[in-house]
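Nothing in this text is a laboratory measurement; each read-out follows from the coordinates by a stated rule. On a predicted model such as this, the values are computed, not experimentally measured, just so you know. Reconstructed Cβ throughout: ideal geometry from the backbone, glycine too, with neighbour counts over all protein chains shown.
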Amino acid sequence: MIFNEIEEKLKKSKIHMTLIDPASQSPAKTAEIALAADQSGTDFLMVGGSTDIDKKILDESIESIRKVTDRKIIIFPGSASMVSEKADALYFMSLLNSGSLEFVVGHQFKAAPYIKSIGLETISMGYVIVEPGMTAGRAGRADLVRRNDLKSAASYAMMAELFGMKLVYLEAGSGAPEHVPSDMITFVKRKIGIPLIVGGGIRSVESAREVAQAGADIVVTGTVAEKSERVREVLEPIIAAVRQAK
Ligand code: 1GP
């Protein structure tokens, strides 16, 4: 099971995950990025994002990744249609600070029967979007957590844990000019007993290190690999910084 693998890895070091959005490029280019991320030593591949894509493109993207790497693939869905039996697992996530029930429980309601029918592993996750939130914040109609509102961020995270969710994800939004503030990461991490994922706006070794040292157990980067010509050169030191962080 993927969640057990995550737990086992976390006993040894912090984890890096690479997010690839199949809406941003062709399945062939998606596979190219996945291969470079694999060679850079990323721990898991996350496929998805807030742009809704149909199952066919998702299936094709996962299939093309499978041809080039054995790295485990977790779907990061933006809608109920982003479910594929070809993945290894799926984040069964709720956007806890959405103003629309659709993103809290609506897509989940629609997708649950199909997910159960294909027997795909699900990893329950509380998803919380912090300013600036970017496309994820707008698409998910998030009531964004203010960057100085540490208590609300922690309250959402504690709520996720109390609901029995396995992970909490603090998201600044893909391509955000700044990542989730370090003091918020540290504050939230101290309040929960489940792993904390942080992503959005992490593009440099320094920011990856800062986020991991602040308390993120899992650091996600996406744009930095999608936008780079030399993915390995950029990703390898970022991944090393995450692994070395205490
Ligand atoms: C978005 O947190 C992820 O969901 C990744 O963000 O693209 O800014 O790395 P970036």
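A few notes on this one:
- A simple count of charges around G133, restricted to other residues whose Cβ falls under 15 Å of its Cβ and scoring Lys, Arg +1 and Asp, Glu -1, yields -1.
- Measuring between their Cα centroids, the stretch 154-217 and the stretch 1-80 lie 19 Å from each other.
- Simple label model, 7 Å out from Cα along Cβ direction - K151 to E5, nm: 4.1 nm
- Most mobile listed residue (I118, I53, I20) in the chain, GNM with C-alpha springs under 10 Å: I118
- Rounded to the nearest 5, the antiparallel percentage of DSSP beta bridges internal to the chain is 5%.
- Cβ-defined net charge surrounding Y114, 10 Å radius [Lys, Arg +1; Asp, Glu -1]: +2
- Computed over the stretch 2-244, the quotient of the alpha carbon radius of gyration and 2.2 N^0.38 Å is 0.91.
- Lysine-lysine proximity count for the stretch 1-138, Cα under 14 Å, sequence distance 8 or more or distinct chains: 6
- Residue-count net charge about V205 - beta-carbon cut-off 15 Å; Lys, Arg +1, Asp, Glu -1: +2
- Sorted fewest first by neighbouring Cβ atoms within 10 angstrom, H179, H16 come out as H16, H179.
- Taking V105, V231, V168 and counting other C-beta atoms within 10 Å, the order from fewest to most: V105, V231, V168
- Cβ-to-Cβ counts within 10 Å put T42, T186, T122 in ascending order as T186, T122, T42, the fewest first.
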